[in-house]
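The structure appears below as structure tokens.
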Amino acid sequence: MRNFISDRARIIPPSGIRKFFDLVLSMDDVISLGVGEPDYVTPWKICEAGIYAIEQGFTSYTSNKGIESLRISLSRYLQTEYNLMYESDSQMIITAGVSEALDIAIRAVINPGDEVLVTDPIYVSYPPCVTLSGGKAIPVPCDEKNQFKLLSETLIEKVTPKTKALIMNFPNNPSGAVMEKSDLKGIADIVTDHDLLLISDEVYSDLTYSGKHVPAATIGDLWERTITLNGFSKSYAMTGWRIGYLCAPDEICEAALKIHQYVMLCAPIMGQMAANEALKSGNEDKEEMVREYRMRRNLFVEGLNRIGLPCHVPEGAFYAFPSVKETGLSDTDFAEQLLKESRVAVVPGSVFGEKGKDHIRCAYAVSREDLAESLRRIESFIEGLK
Amino acid sequence: MDKTDLLILKLLEENAKIDTQDLAIMTEIPTVEAESRIKVMEKEGIIRRYSAVINWEQTGYTPVLAVLDLKVSPERDFGYDRIADRIARFSEVKALRLVTGAYDLEVLVSGKSMQEIARFVAEHIAPMDRIRETATHIVMKVYKENGDIFFEREVGERLPFSF
């Protein structure tokens, strides 16, 4: 029999933490800091809107772009919240999560042989999605000494005549780094000067702790060459509803929509209706959650530094990204031994690329009690190493 | 009273036993400052006391609760305040509010048994001057109290890892 697996499917790597996954399932009493989602249940008003949608018989396909009322609310929301302008009918697609938005964005713009710059530490989906389009992902290091921000001098070093696009993700998973307006300006100049496209994944935009998020598309002339990706999962604790969105200038949006209509058709209607409710009435719950994440961050990061895992203060998302270098263990060994011996699950930083090495990603979107207990366990684990 | 004070109050309301040092880290102020802010608010009577929310039903020592609606004739110069003050002094009265609508005062009463509550209402509340009408509702089941939902709920499955 022939080998039926395509070359592209063969070369994309399997998940870097599958063995951890199996291990954790065989254990009891594990505190998991390995999950990239809020620990909250979706706020009840939003759930009710989803339930109501089903009760009323809203169980069909929607227009490919997504239901009109959601797009209109979203367009208004982006304008009032961020001064970010996208037309609801020609510059936005509601997708099945940001994961799909990322996939169709890349497929809409990348040709085989194109080089795509990705900020390193890298969110795990970017290189495989680039590979599936025949492109080549080139990491751009974001150093810990610069709080994992992307610096223009580092970016410029990686630009070649083959470079087509830059994918960046701020607030960042896994580092929690954010880019302020002044940080983005230098990036905007390079992207514009070298005629690059920017794919900006801003799914953690609502989770910033010192100052409001600045969308890349609002900087300089970036709008016309930016695809903005965002979604409802992290802001409103709606991961399971699978609602994201892609915003881009008409031509790019049109191209992405063609792919979307063939591969996904539309995002789930009840999720879209729930998302509409989130925009309408979810603000208070969102602010409450953000305030709670911030307090947990303070507790957890203070704790990590106290017990000897140096950690910069992440200004966004809900991840702490401490260094484990001083323990003498690699990040993978640290994570594996910590899980086996002390029953705390974290993600080894090297799965996020070269710049993630010697770090572990700890999601602090867990209860304060679990955070305190995990700190106790990590501390005694480190003591045992000495 | 600033944002930090409000945050401290919220945290204490949620868990009065919270460690002050943790509370200080969470609210991004020094521990001594957190202590002094709490002291000030205690002194000013903003923080009245620290108590526990108890699901009495689970203990077997379930007090009977009743909501008592009262129609009251207000007094010249005092309105409802004087009679409210008299009612509030009974230890059986757990909460007392002036409300709009058909009735004026809404009283939460607790007692060891239904008979005890009936006796209390009949002997102490109803005969009071100025009380024109009473309606007593015995509480059959508590679903939510002070923001806590008393349902046992299945916890959704969460992946141990995700990116």
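How much length, in nm to one decimal, is gained on full extension between B:LYS94 and B:SER73, taken as 0.36 nm per residue of separation minus their Cα-Cα distance?
Working: separation 21, 0.36 × 21 = 7.56 nm, distance 2.22 nm.
Residue separation times 0.36 nm, minus the Cα-Cα distance, leaves 5.3 nm.
How much of the DSSP beta bridge set in the protein assembly as shown is antiparallel, as a percent to the nearest 5?
Details: 36 of 57 bridges.
Percentage antiparallel, nearest 5: 65.
Rounded to a whole number, what is D in µm²/s for the stretch A:172-268 from Stokes-Einstein with the Kirkwood radius over alpha-carbon pairs (37 °C, 0.692 mPa s)? Write down the numbers at each step before the final one.
Details: Rh = 14.7 Å.
My calculation gives 223 µm²/s for D.
What residue among A:VAL130, A:VAL214, A:VAL263 shows peak mean-square fluctuation when chain A is described by a Gaussian network model with Cα springs under 10 Å?
A:VAL263
Around A:ILE167, which amide H atoms from residues at least 5 apart in sequence, or from another chain, sit under 5 Å from its own amide H, with H modelled in the peptide plane?
So A:ILE167 has HN proximity to A:LEU117, A:VAL118, A:THR119, A:ILE199.
For chain B, build the charge dipole from Cβ charges (+1 Lys, Arg; -1 Asp, Glu) around the Cα centre, then report which of B:ILE138, B:PRO74, B:THR62 sits farthest towards its positive end.
Of the options given, the answer is B:PRO74.
For peptide A:3-12, what's the mean number of Cβ atoms from other chains within 10 Å of each residue's Cβ?
Values: counts 0, 0, 0, 0, 0, 0, 0, 0, 0, 0.
Mean number of neighbouring Cβ atoms from other chains: 0.
Before anything else, pin down the relative contact order of the stretch B:30-123: Cα pairs under 8 Å, at least 6 apart, normalised by residue count, whole percent.
Contact order relative to length: 28 percent.
The stretch B:1-100: which trypsin sites (Lys or Arg not before Pro) are DSSP loop and have at most 14 other beta-carbon atoms within 10 angstrom?
B:LYS17, B:ARG48, B:ARG49, B:ARG76, B:ARG89
Given the C-alpha centroids of the stretch A:182-206 and the stretch A:366-386, what is the distance between them in whole angstrom?
Taking the Cα centre of each part, the stretch A:182-206 and the stretch A:366-386 sit 38 Å apart.
Between the chain alone and the structure with every protein chain in place, find the residues of the stretch B:129-163 that drop at least 50 Å² of accessible area; heavy atoms, 1.4 Å probe.
Correct list: B:ARG158, B:PRO160, B:PHE161, B:SER162, B:PHE163.
In peptide A:29-38, what is the residue-averaged number of other protein chain Cβ atoms found within 10 Å of each Cβ?
For peptide A:29-38, the averaged partner shielding equals 3.
What are the GluC sites (Glu not before Pro) within the stretch B:28-129 that DSSP puts in a loop, where the Cβ has at most 15 other Cβ atoms within 10 Å?
B:GLU28, B:GLU44
Among the DSSP beta bridges whose two residues both lie in the stretch B:45-163, what percent are antiparallel, rounded to the nearest 5?
On the way: 22 of 22 bridges.
Here the share of antiparallel DSSP bridges comes out near 100 percent.
Net charge near B:LYS71: determine it from the other residues with C-beta under 12 Å of the C-beta of B:LYS71, scoring Lys and Arg +1 and Asp and Glu -1. Walk me through the numbers before you get to the answer.
On the way: positive: B:ARG130, B:ARG132; negative: B:ASP69, B:ASP104, B:GLU106, B:GLU133.
With Lys, Arg at +1 and Asp, Glu at -1, the net is -2.
Tell me, what ³J(HN,Hα) does each residue in the stretch A:113-129 have, in order and in whole Hz, if you take phi through Karplus 6.51 cos²θ - 1.76 cosθ + 1.60 with θ = phi - 60° and put x for Gly and Pro?
Result, rounded to whole Hz: x, 5, 9, 10, 7, 10, 5, 10, x, 10, 4, 4, 7, 4, x, x, 5.
If Lys and Arg each add +1 and Asp and Glu each add -1, what is the summed charge of the other residues whose beta carbon sits under 12 Å from the beta carbon of A:GLU115?
Details: positive: A:LYS136, A:LYS158, A:LYS162, A:LYS164; negative: A:ASP114.
Summing Lys and Arg as +1 and Asp and Glu as -1 gives +3.
Looking at the stretch A:171-280, which trypsin sites (Lys or Arg not before Pro) are in a loop (DSSP not H, G, I, E or B) and have at most 15 other Cβ atoms within 10 Å?
Details: sites: A:LYS181, A:LYS185, A:LYS212, A:ARG225, A:LYS234, A:ARG242, A:LYS258, A:LYS280; in loops: A:LYS212, A:LYS234, A:ARG242.
Passing both the DSSP loop test and the Cβ count: A:LYS212.
Go ahead and run the numbers for FRET between B:ARG132 and B:ILE46, Cβ-Cβ distance against an R0 of 30 Å, rounding to 0.05.
Details: r = 36 Å, r/R0 = 1.20.
E between B:ARG132 and B:ILE46, to the nearest 0.05, is 0.25.
List the accessible area buried at the contact between B and A, summed over both sides and calculated with a 1.4 Å probe, in Å² to the nearest 100.
2100 Å²
Binning at 10 angstrom from zero up to the longest distance, how are the C-alpha pair distances of chain A distributed in percent?
Per 10 Å bin, starting at zero, the Cα-Cα P(r) for chain A comes out as 5, 23, 32, 27, 12, 2, 0 percent.
What percent do you get for the relative contact order of chain B when only Cα pairs under 8 Å and 6+ apart count? Before the final figure, lay out the partial values.
On the way: 157 pairs, mean separation 33.7, N = 163.
Answer for chain B is 21 percent.
For the stretch A:44-281, report the accessible area per residue in Å² (1.4 Å probe, heavy atoms, rounded to an integer). Display every interim value, and only then the final one.
Working: 9340 Å² over 238 residues.
On a per-residue basis, the stretch A:44-281 sits at 39 Å².
For B:VAL64, what residues show an amide H to amide H distance below 5 Å, using hydrogens built from the backbone and excluding near sequence neighbours?
Long-range HN contacts for B:VAL64: B:GLY111, B:LYS112, B:SER113.
Springs between alpha-carbon atoms under 10 Å, Gaussian network over chain B: tell me which of B:GLU14, B:GLU133, B:GLU152 tops the mean-square fluctuations.
B:GLU152
Find the relative contact order for the stretch A:294-373 and round it to a whole percent, using C-alpha pairs within less than 8 Å whose residues are 6+ positions apart.
Values: 115 pairs, mean separation 23.3, N = 80.
RCO, the stretch A:294-373: 29 percent.
Just to confirm a number: summing +1 for Lys and Arg and -1 for Asp and Glu over residues other than A:VAL263 whose beta-carbon lies under 13 angstrom from that of A:VAL263, what do you get? If you can, show how the numbers build up before the last one.
On the way: positive: A:ARG107, A:LYS258; negative: A:GLU100, A:ASP103.
Every neighbour counted, the sum reads 0.
So if I take the centroid of the Cα atoms in the stretch A:80-121 and the same for the stretch B:44-81, what is the distance between those two points in Å?
Taking the Cα centre of each part, the stretch A:80-121 and the stretch B:44-81 sit 56 Å apart.
Report, in debye and to the nearest 20, how large the dipole of chain A comes out about its Cα centre when Lys and Arg carry +1 and Asp and Glu carry -1 on their Cβ.
Working: 40 positive and 54 negative charges, 118 e Å.
Computed charge dipole of chain A: roughly 560 debye.
Rounded to the nearest 5, what % of DSSP beta bridges with both residues in the stretch A:44-281 are antiparallel?
Values: 8 of 27 bridges.
Taking every DSSP beta bridge with both residues in the stretch A:44-281, the antiparallel ones total about 30 percent.
Kindly provide the helix-only [θ] at 222 nm of the protein assembly as shown, computed as the sum of -39,500 (n - 2.57) over DSSP H runs of four or more divided by all residues, to the nearest 500 deg cm²/dmol? Kindly include the intermediate steps, with their values, before the conclusion.
Details: 18 runs with 209 residues, N = 549.
Taking each H run of at least 4 residues, the total per residue is -11500 deg cm²/dmol.
Between A:PRO174, A:PRO161, A:PRO139, where does the largest GNM mean-square fluctuation fall for chain A, given springs only between Cα atoms within less than 10 Å?
Ranking A:PRO174, A:PRO161, A:PRO139 by mean-square fluctuation puts A:PRO161 first.
Take every Cα-Cα distance within the stretch A:248-386, group them into 5 Å bins from 0 onward, and report for each bin the whole-number percent of pairs it holds.
2, 9, 14, 16, 12, 9, 10, 10, 9, 5, 2, 0
If you take each beta carbon of peptide A:339-352 and count the beta carbons of other chains within 10 angstrom, what is the mean?
The per-residue average across the peptide is 1.
The values are calculated or read from the model by the stated rules, or taken from the named source; none is laboratory data. These numbers were taken from a predicted model, which means no experiment stands behind them. Glycine also receives a Cβ, built like all others from the backbone with ideal geometry; neighbour counts cover every protein chain displayed. Accessible surface areas use protein heavy atoms only, side chains included; no ligands, DNA or RNA. Shrake-Rupley method; radii C 1.70, N 1.55, O 1.52, S 1.80 Å.
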